[in-house]
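No value in this document is a laboratory result; all are computed from the given coordinates. Predicted model, so just to flag it, every value in this text is computed and none were measured. No Cβ is skipped: glycine too gets one built from the backbone with ideal geometry, and neighbour counts run over all protein chains shown.
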Amino acid sequence: MGKQLLLVAVSGWGQESDRQAADNAGFDHHLIKPVNVDELTAVLSGQPTH
């Protein structure tokens, strides 16, 4: 208990409205398929992706 959960949406949809929907659903990040391994690694390690 007490640990935070990191939620990452992985989707084929990449419009701003899709990103907003993922944010509204509680996701911490929204990645577009096919996922870039370096971007995923950065997200999982807590590094900024942009």
> Hey, among the residues in segment 4-19 that are of a type in the set (A, V, I, L, M, F, W, C) and over 11 Å from the mean Cα position of the chain (by Cα), which one's surrounded by the most Cβ atoms within 10 Å (Cβ to Cβ)?
Replying inline: Trp13
> Of all the residues that make up segment 22-50, how many are of a type in the set (Ser, Thr, Tyr) and surrounded by 10 or more Cβ atoms within 10 Å (Cβ to Cβ)?
Replying inline: 2
